[in-house]
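What follows is one structure encoded as structure tokens, with my remarks underneath.
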Ligand SMILES: [Zn+2]
């Protein structure tokens, strides 16, 4: 038998965790999307079909891609995240691309 006291404590903890998750989700829904199995499959398919970094390739350089990047920033939009087109990038180009996006150029 599980003592009643522990059961109540666990329920209270779950409630707190839910509230915390809801708060995080409001801030960044994509955190959950990136962690999903569906995204991992989508990402794997992107990297399988385009295994080279698109930005390096545009300069005639061959670098293995490790990131499936949204061509158009999804900005936490469900449809853009899941249906927007992707490009394969290496980690260096991906972080450079992100900085450019945040600078709103
Ligand atoms: Zn690159």
Length added when fully stretched, residue 39-residue 59, from 0.36 nm per residue minus Cα-Cα: 4.3 nm
Base-10 log of normalised Debye intensity for segment 37-105 (one unit scatterer per alpha-carbon) at q = 0.15 Å⁻¹: -0.48
In nm, give the distance between the simple-model label positions of residue 78 and residue 29, each being 7 Å from the Cα along the Cα-to-Cβ direction. 0.5
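No lab work stands behind these numbers, since they all come straight from the coordinates. Computed from a predicted model, the values in this text were never measured in an experiment. All Cβ positions, glycine included, derive from the backbone under ideal geometry; neighbour counts span all protein chains shown.
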